[in-house]
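First up is the structure itself, then whatever we jot down about it.
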Amino acid sequence: MNYQLSWETAPGLGGLRCEGFRAVAVARPETLTGVAVECPGETEARAVVQALEDHFARKRFSNTAAAFEAVKSFVLEWTAGQRM
C-alpha cells in the first residue's frame, strides 16, 4: 500500500524544524513534489511516522528545501534498511 507523507515545517530556535508527521494511504502517491513510502499496512506506516518523529525531533534546517531533502533521504534510507 502506498502512503503519502506530510509534515509541518515550523520556525524554532536555531532554524526550521519538522514536526507533526503523518502518513495517509493513497492510490497514487505524488512523488514529484512530495514524499511517499510503500508499506504493507498501517502498522508499518505508523512505524515510519514514529521513526521520522524520533529522528527529526532535534534537527534544525536553514530552509524548507533542506528540510524536505533531509526527510526524503531519511525515508529512502529507512525503507531500504527495512527491506534487508
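Coordinate-derived values only; no laboratory data. It should be emphasised that the depicted structure is a prediction, and the values quoted were computed from it without experimental measurement. Cβ coordinates were reconstructed from backbone atoms using ideal geometry, including for glycine residues, and neighbour counts include every protein chain displayed.
Close amide H contacts of residue 36 (hydrogens built in the peptide plane, cut-off under 5 Å, sequence separation of 5 or more or a different chain): 5.
Expressed in nm², what is the orientationally averaged projection area of the convex hull enclosing the Cα positions of the chain?
Hull-based average projected area comes out at 5.2 nm².
Counting other Cβ atoms within 10 Å, which GluC sites (Glu not before Pro) in the chain have at most 16 and lie in a DSSP loop? Don't skip to the answer; put the middle values down first.
Details: sites: 8, 19, 30, 38, 42, 44, 53, 69, 77; in loops: 30.
Sites meeting the loop and neighbour criteria: 30.
Given Cβ point charges of +1 (Lys, Arg) and -1 (Asp, Glu) and nothing else, what value in debye, to the nearest 20, does the dipole of the chain about its Cα centre take? That gives the chain a dipole magnitude of about 180 debye. Label sites at residue 47 and residue 79, each approximated as a point 7 angstrom past Cα along Cα to Cβ, lie 1.5 nm apart.
Ranking 37, 68, 2 by Cα position along the charge dipole of the chain, where only Lys, Arg, Asp and Glu carry charges on their C-beta atoms, puts 68 farthest toward the positive end.
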